[in-house]
Amino acid sequence: MRTNQPQTIYLSEYQPPAYLVDHVNLRFELFEDGARVHSTLSMRRNPAAMQSGSTLELDGDSLTLESLALNGQSLASDEYRNEGDKLVIPTVPEAFELTVVTWIEPQNNTRLEGLYKSSGMFCTQCEAEGFRCITYYPDRPDVMARFQTRVEADKSAYPVLLSNGNPVEQGDLENGRHFVTWEDPFPKPAYLFALVAGDLVEKRDTFTTCSGRNIDLRIYVEARNARKCDYAMDALKRSMRWDEEVYGREYDLDIFMIVAVDDFNMGAMENKGLNIFNSSCVLASQDTATDAAFQRIEAIVAHEYFHNWSGNRVTCRDWFQLSLKEGFTVFRDSQFSADMGSPTVKRIEDVTLLRTAQFAEDAGPMAHPVRPASYMEISNFYTLTIYEKGAEVVRMIHNLLGAELFRKGSDLYFDRHDGQAVTTDDFVKAMEDASGRDLGQFRLWYEQAGTPVLAVSDHYDEVQGVYRLDIRQSVPDTPGQSGKKPQHIPFAIGLLDSEGQPLPLNMGAEDSNGPAERVLELTETQHSFEFHGLKERPVPSLLRDFSAPVRVHYPWTREQLLFLMSHDPDGFNRWDAGQKLAVDVIQSLVDAPQGTEIEPRLVEAYRLLLNDTELDQALVAKMLLLPSEAYLIELSEQADVPAIHDAREQVLTHLAQALRDDLLACYQRNAGQGDYQLTPGAIARRSLRNTALAWLLHIDDKQGRALAVEQFEQADNMTDRLGALRALVNSGFESDRIRALAEFFERFQDDPQVVELWFSVQASSDRAGQLPQIQALLEHPAFDWKNPNKVRSVVGVFAGQNLAAFHKPGGSGYRFLADQVCRLDDSNPQIAARLVSPLTRWKKFSPQYSSQMKTALERIRDKTELSRDVYEVVHKSLAD
Ligand code: B3K
Ligand code: ZN
């Protein structure tokens, strides 16, 4: 904790480590009142070190040093300096063995970084800088060492003792204690270290790799969760096979373990051979997990597994390179999910997140490049920009090179850098070397923050039969960066005739057989492209499949959008045309007088969709969802949230009233589908019927109410039960809402993941989640400030999803959030800093809101003893 300005770390000041660690020998003595950590480091001077001298500096945080010895000789207190977060030994030899003994208190660790306790078990989280909370160490990713770890604990309380690698020895000790020793043959940075000790059951399976090796797979959970591991195990095996087939990557250890932990700051962690997961990202069963949860589990299991190569075997040189492993791995997991289900739907979901949240981040005070140039607290940089925009950057390379050359590039990258800690530039270089393409200008995607804007206009010359697209690129200023250069942007397009048929894209006057789709490569501020031989003015389909993370401004007419909605062969653009039309209709109502007519063609377009049984139902299900309030806010200049909320509600009400019979028919058509399945078709049917139900209850339809009550009571899966609960909670049927919420809690109160759903359904509802009700949820016996999932499901969901309630005039929502941030900052700064996020974009809102949001930020800023995490976010948000 601190009040002074934290130090800023700069990429430009990177220096190789002065000393390397070849081997680490750890011994953990775990007790109820603390843990003793014995560490022996075999170290030597780094031949590549730039500074001279023989001073050793090790990182440490919240440690009690018990003893220190160099080559077996105890160091006297004047032979080293303990400077709080650094242990300095002024003189060390070229090569030496350092033995450090520290005492730590996992049972009091509420930051959930380093070694801590969750539901009675010991577990770790070391990325990014948690290992220094365990022992003194050069805690930076470019120091890679081989680890041997012996874990000792009481045998009856902690029968399972795990660490990275393979178990090599185990046995009993005095006083009912026992030990297991683990050895990890692969050198790794300390952030990939993991330890678990607990009373856990294991689910076992095996996987035979492409070269015929048998891998022992284990998922460790508390006994009550034993029946909820099957899906994660299946996803793991599919991930392992997929990585072999698509990237040629085989698993390397003999054992792969996953452990489920209830108290966890993020989703999961890719520790070598011992992934640790937030319970909500691994445990699932038909009756307790929604379709969305199953899909998230599949994606996260794959993501963490894929890190074994993209992250662990080849790791980051420093934390500025974080997207090297995260952007690439998100790209890999999105390819995997696309292959497992519907590629169009997966693309729609990814782009929705990107455009709603990452674009907002990139336009706000925390905007930073995919490879940031500086930070105060690295935990604040596990952002949508690093992950999602980073994945889009890799996707663009994939699209520019094509699948085959991209694979050649990834093979070269893994081969060339196996066992090394490298940079994003090394990644791009491997792609260049394998493909022969020059990605020089493309590298700006890593250096420049901000979402590029493409202003597109068109012109049709009837006489010549030539259609011209004029495209102007600009990259907006972001904090610390202005006057940016144009970037290399792949811009995929197609043209349609008035029948909806694709037209050949002939770019020369003599061409006649051009392709139906082209990727235009934009590299200059201004481009013009001409298409010849066109007998009529075509309808353009721009940025197909969202070929680059940019904003496109083109003066769409509603006719064009309606046309693309039903004709574009690009599924993504078909969906996007519908979104654009709905956005246009909603926006036009925001400032319109009461009683303004709602575009009748929107109603007819939705009617067609609701009755379309030919089109891929997964796409139909996505097309029926109106753009979210968050996206509408992101698109507006100065958001008046209650006005946006009202306009969206008005459209929803109008659609539901006009389409009532179609909604009932759609509901019936998609009801009662037999056994629960997780196929894209079955997921689409559940989505369709729950959307129909939600719309019917939005207008308090009596028949809809009866269907919702019946579905709530009889559902054989959580997607349908929760869909019905959500519909009832958001309806005007107050007694049904109260009864359903009570029944749901009664039934699932012992299941933390379902209780989180119960909290979030209320916290996200403008009917059940007004501030007094949110405050009541915080007092509920099932709420727990120490559990990040609970905090997110109430406070995070209220401020991030219940936007009309959060932005209620008067600023009560903002003050509430500020108070919760201050409260959490003392116990868990990482979670506190993340919760600040909705306030950071205060400049985006109309003045009566922004001034109060700013006041709330100042309230946090003025708290005494602010963590480095919250300090950085709040001060950057308030900077001019
Ligand atoms: N690498 C971890 C994230 C660690 C976050 C530390 N604050 C999960 C992942 O991206 O796979
Ligand atoms: Zn990751």
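Regarding Val314, is this residue more than 13 Å from ligand 1 (Cβ to nearest atom) and touching a residue at least 60 places away in the same chain (Cβ under 8 Å)?
Answer is yes for this residue.
Would you confirm, using the coordinates I've provided, whether Ser457 is within 22 Å of Gln321 (Cα to Cα), touching a residue at least 12 places away in the same chain (Cβ under 8 Å) and touching a strand residue (DSSP E or B) at 6+ places or on another chain (Cβ under 9 Å)?
Values: within 22 Å of Gln321 (Cα to Cα): no; touching a residue at least 12 places away in the same chain (Cβ under 8 Å): yes; touching a strand residue (DSSP E or B) at 6+ places or on another chain (Cβ under 9 Å): yes.
No; evaluated as a whole, the condition is false for this residue.
Give the residues of the stretch 816-849 that are more than 27 Å from the chain's Cα centre (by Cα) and assigned to a helix (DSSP H, G or I), sorted by residue number. Quick ask: steps written out before the conclusion?
Quick first cut of the stretch 816-849, residues more than 27 Å from the chain's Cα centre (by Cα) only: 846-849.
Once the filter is applied, which keeps residues that are more than 27 Å from the chain's Cα centre (by Cα) and assigned to a helix (DSSP H, G or I), the stretch 816-849 yields Pro847, Gln848, Tyr849.
If you check Val301 against the conditions, is it modelled with pLDDT of 95 or more, in contact with a strand residue (DSSP E or B) (Cβ under 9 Å, 6 or more places away or on another chain), buried (at least 22 other Cβ atoms within 10 Å of the Cβ) and aliphatic (A, V, I, L, M)?
Numbers: modelled with pLDDT of 95 or more: yes; in contact with a strand residue (DSSP E or B) (Cβ under 9 Å, 6 or more places away or on another chain): yes; buried (at least 22 other Cβ atoms within 10 Å of the Cβ): yes; aliphatic (A, V, I, L, M): yes.
Yes.
At least 2 residues that are more than 16 Å from ligand 2 (Cβ to nearest atom), in contact (Cβ under 8 Å) with a residue 12 or more places away in the chain and not polar (S, T, N, Q) in each: list the strands (runs of 3 or more DSSP E) lying fully within the stretch 203-279 that qualify.
Details: elements: 214-221, 255-261, 274-278.
It comes to 214-221, 255-261.
Within the stretch 424-442, which residues are surrounded by 15 or more Cβ atoms within 10 Å (Cβ to Cβ), charged (D, E, K, R) and not in a helix (DSSP H, G or I)?
Arg437
Are any residues in the stretch 580-591 surrounded by fewer than 22 Cβ atoms within 10 Å (Cβ to Cβ) and either free of Cβ contacts under 8 Å to residues at least 40 places away in the same chain or within 29 Å of the chain's Cα centre (by Cα) (or both), and if so, which ones?
Of everything in the stretch 580-591, those that are surrounded by fewer than 22 Cβ atoms within 10 Å (Cβ to Cβ) and either free of Cβ contacts under 8 Å to residues at least 40 places away in the same chain or within 29 Å of the chain's Cα centre (by Cα) (or both) turn out to be Lys580, Val583, Asp584, Gln587, Ser588.
Tell me which residues, restricted to the stretch 94-117, are away from ligand 1 (no atom under 16 Å from the Cβ) and either surrounded by fewer than 20 Cβ atoms within 10 Å (Cβ to Cβ) or not assigned by TED's automatic domain parsing to the domain that holds Leu65 (or both).
At the first step, the residues of the stretch 94-117 found to be away from ligand 1 (no atom under 16 Å from the Cβ) are 94-108, 117.
Scanning the stretch 94-117 gives Glu94, Ala95, Phe96, Glu97, Thr99, Val101, Trp103, Glu105, Gln107, Asn108, Lys117.
Of everything in the stretch 679-726, what is among the aliphatic types (A, V, I, L, M), under 29 Å from Glu298 (Cα atoms) and either in contact with a His (Cβ under 8 Å, 6 or more places away or on another chain) or surrounded by fewer than 16 Cβ atoms within 10 Å (Cβ to Cβ) (or both)? Give them in sequence order.
Passing the criteria: none in range.
Would it be correct to say that Pro141 is surrounded by 20 or more Cβ atoms within 10 Å (Cβ to Cβ) and either within 19 Å of Asp263 (Cα to Cα) or at pLDDT 95 or above (or both)? Explain how you work it out, then say what you get.
Numbers: surrounded by 20 or more Cβ atoms within 10 Å (Cβ to Cβ): yes; either within 19 Å of Asp263 (Cα to Cα) or at pLDDT 95 or above (or both): yes.
Here the answer is yes, as Pro141 does meet what is asked.
Could you pull out every one of the helices (runs of 4 or more DSSP H) wholly within the stretch 616-717 that has 1 or more residues that are within 19 Å of Leu602 (Cα to Cα)?
Once the helices (runs of 4 or more DSSP H) in the stretch 616-717 are filtered for at least 1 residues that are within 19 Å of Leu602 (Cα to Cα), what remains is 617-623, 629-635, 641-658, 660-669, 680-698.
Looking at (1) touching a Leu at 6+ places or on another chain (Cβ under 6 Å); (2) surrounded by 20 or more Cβ atoms within 10 Å (Cβ to Cβ), find the lone condition where Val160 falls short.
Failed condition: (2).
Kindly indicate whether Ala805 is crowded, with 19+ Cβ neighbours inside 10 Å, within 22 Å of Asn278 (Cα to Cα) and hydrophobic (A, V, I, L, M, F, W, C). Spell out how you get there, then give the answer.
Numbers: crowded, with 19+ Cβ neighbours inside 10 Å: yes; within 22 Å of Asn278 (Cα to Cα): no; hydrophobic (A, V, I, L, M, F, W, C): yes.
Here the answer is no, as Ala805 does not meet what is asked.
Scan the stretch 319-329 and tell me whether some residue there is away from ligand 1 (no atom under 11 Å from the Cβ) and polar (S, T, N, Q).
Taking every residue of the stretch 319-329 in turn, at least one turns out to be away from ligand 1 (no atom under 11 Å from the Cβ) and polar (S, T, N, Q).
Which of the helices (runs of 4 or more DSSP H) contained wholly in the stretch 304-423 include at least 2 residues that are within 16 Å of ligand 2 (Cβ to nearest atom) and among the hydrophobic types (A, V, I, L, M, F, W, C)?
Details: elements: 322-340, 343-353, 359-362, 390-401, 403-417.
The helices (runs of 4 or more DSSP H) meeting that bar are 322-340, 390-401.
Would you be able to tell me the number of residues in the stretch 59-71 that are under 17 Å from Val21 (Cα atoms) and in a loop (DSSP other than H, G, I, E, B)? Quick ask: steps written out before the conclusion?
Of the residues in the stretch 59-71, the ones under 17 Å from Val21 (Cα atoms) are 59-60, 68-71.
Narrowing further to those that are in a loop (DSSP other than H, G, I, E, B): 60, 71.
Of the residues in that region, 2 qualify.
The values are calculated or read from the model by the stated rules, or taken from the named source; none is laboratory data. It should be emphasised that the depicted structure is a prediction, and the values quoted were computed from it without experimental measurement. With ideal geometry, Cβ positions are generated from the backbone for all residues, glycine too; neighbour counts draw on all protein chains shown.
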